[in-house]
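For reference, the structure is listed below as structure tokens.
The values are calculated or read from the model by the stated rules, or taken from the named source; none is laboratory data. This is a predicted model, so every value here is computed, not measured. A quick note on method: Cβ atoms are made from the backbone with ideal geometry, for glycine too, and the neighbour counts reach across all protein chains shown. Only protein heavy atoms, including side chains, enter the accessible area calculation; ligands, DNA and RNA are left aside. Shrake-Rupley method; radii C 1.70, N 1.55, O 1.52, S 1.80 Å.
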Amino acid sequence: MSGIFISFEGPDGAGKTTALNKLMPLLQKKTDQEIVLSREPGGSPISEKIRKIILDIHDEEMDPRTEALLYAAARRQHLIDVILPTLEANKIMLSDRFVDSSIAYQGGGRQIGTKEVAEINDFAIDGHLPDLTIYFDVSPSIGLSRIKKDHEGAMDRLEKEAISFHDRVYESYEEIVAQNPTRIKKINAEQTPDKVVQDALEVITNRFPNIFNKGE
Ligand SMILES: Nc1ncnc2c1ncn2[C@@H]1O[C@H](COP(=O)(O)OP(=O)(O)OP(=O)(O)O)[C@@H](O)[C@H]1O
Ligand SMILES: [Mg+2]
């Protein structure tokens, strides 16, 4: 496996998708290796079908463990269909969310337990952790106020959860970041969008100087 795999993590409204869209062309200018952008849950046809079930606001009666298993199943298929072929082709894989999201949202937010959720995900990802994870640090209140402004009335099933749920997600993310100081780098996502992109760019190019070596 010769490509590199970078995931982007953080609470709802942290600015991951916004930053990734700006980051992708900036990174591409700095390398000859092709960059592939994907997202979770989803990212491949079967995984996108599972995504629809997970995020459907009508699925209110979904059991937390069912939800965790569906996320892990969608992740497995995304890994097989997109991530591994991308890495085998020596390309650069950027994923908007990956395994840490499940540990934070289902393990912490849904209170299944971070250890339990990590275990079913170990089965799903079979050792294929990202080489680098950028964690977008934003307080739950700021993150939620950003997405409420965007789509009031059209929030998905997880976004609609109470603030206590999002507080638990945030706390779990903090633990995951503390436990994985080498893989996960935290950036301050409460800064301006441009500064967030700049910080993410710096972390990535500093970590892989031999890959992002074009331009100044
Ligand atoms: N640094 C920032 N400062 C202020 N607003 C921001 C910033 N970054 C993104 N936003 C705005 O916040 C909203 C949410 O951003 P975005 O969708 O990128 O977050 P996300 O992390 O992808 O959220 P989700 O996990 O829900 O997909 C958007 O309206 C976006 O324009
Ligand atoms: Mg997003």
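Looking for something of a type in the set (Ser, Thr, Tyr), touching a Lys or Arg at 6+ places or on another chain (Cβ under 9 Å) and closer than 19 Å to residue 11 by Cβ - is there at least one such residue anywhere in region 128-139?
Yes, region 128-139 contains a residue that is of a type in the set (Ser, Thr, Tyr), touching a Lys or Arg at 6+ places or on another chain (Cβ under 9 Å) and closer than 19 Å to residue 11 by Cβ.
Taking residue 133 as the residue in question, decide whether it is in contact with a helix residue (DSSP H, G or I) (Cβ under 9 Å, 6 or more places away or on another chain) and more than 27 Å from residue 31 (Cα to Cα).
No.
Determine if region 27-34 includes at least one residue that is assigned to a helix (DSSP H, G or I), of a type in the set (Asp, Glu) and more than 14 Å from ligand 2 (Cβ to nearest atom).
No, every residue in region 27-34 fails to be assigned to a helix (DSSP H, G or I), of a type in the set (Asp, Glu) and more than 14 Å from ligand 2 (Cβ to nearest atom).
Any chance you could count how many residues in region 109-129 are open to solvent by less than 10 Å² (accessible area, probe 1.4 Å) and either within 16 Å of ligand 2 (Cβ to nearest atom) or within 29 Å of residue 193 (Cβ to Cβ) (or both)?
Looking only at that region, the number is 1.
Residues to consider are 9, 61; find the one that is within 16 Å of ligand 1 (Cβ to nearest atom) and within 30 Å of residue 149 (Cα to Cα).
None of the other options fit; the residue is 9.
In this structure, does residue 51 turn out to be within 15 Å of ligand 1 (Cβ to nearest atom), open to solvent by 30 Å² or more (accessible area, probe 1.4 Å) and not in a loop (DSSP other than H, G, I, E, B)?
yes
Filter region 171-199 for residues that are of a type in the set (Ser, Thr, Tyr) and more than 11 Å from residue 103 (Cα to Cα); which is surrounded by the most Cβ atoms within 10 Å (Cβ to Cβ)?
Restricting to residues being of a type in the set (Ser, Thr, Tyr) and more than 11 Å from residue 103 (Cα to Cα), the top hit is 192.
In the list 190, 159, 175, which residue meets the criterion of being in contact (Cβ under 8 Å) with a residue 40 or more places away in the chain and within 16 Å of ligand 2 (Cβ to nearest atom)?
Answer to the selection: 159.
Within the set of pairs 6+ apart or on separate chains, which have a first residue in region 31-54 that is closer than 14 Å to residue 98 by Cβ, a second that is open to solvent by 70 Å² or more (accessible area, probe 1.4 Å) and among the β-branched types (Val, Ile, Thr), and C-beta atoms under 9 Å apart?
Sorted first by the residue in region 31-54, then by its partner, the pairs are 39/17; 44/80.
Given the conditions (1) in contact with a strand residue (DSSP E or B) (Cβ under 6 Å, 6 or more places away or on another chain); (2) in a helix (DSSP H, G or I); (3) within 16 Å of ligand 2 (Cβ to nearest atom), report the number of the one that residue 82 does not fulfil.
Here residue 82 clears every test but (3).
Mind checking which residues of region 35-47 are part of a helix (DSSP H, G or I) and either hydrophobic (A, V, I, L, M, F, W, C) or at pLDDT below 95 (or both)?
Answer for region 35-47, where residues must be part of a helix (DSSP H, G or I) and either hydrophobic (A, V, I, L, M, F, W, C) or at pLDDT below 95 (or both): just 46.
Can you pull out the residues in region 108-138 that are away from ligand 1 (no atom under 12 Å from the Cβ) and in a loop (DSSP other than H, G, I, E, B)?
Of everything in region 108-138, those that are away from ligand 1 (no atom under 12 Å from the Cβ) and in a loop (DSSP other than H, G, I, E, B) turn out to be 110, 111, 112, 113, 126, 127, 128, 129, 130, 131.
Any residue in region 1-30 that's closer than 23 Å to residue 173 by Cβ: show its pairings with residues that are of a type in the set (Lys, Arg) and surrounded by fewer than 20 Cβ atoms within 10 Å (Cβ to Cβ) at Cβ separation under 6 Å, as long as the two are six or more apart or on different chains.
So the pair list comes out as 13/146.
Would you mind finding the one in 136, 123 that is closer than 24 Å to residue 19 by Cα and not polar (S, T, N, Q)?
136 is the lone residue from the list that is closer than 24 Å to residue 19 by Cα and not polar (S, T, N, Q).
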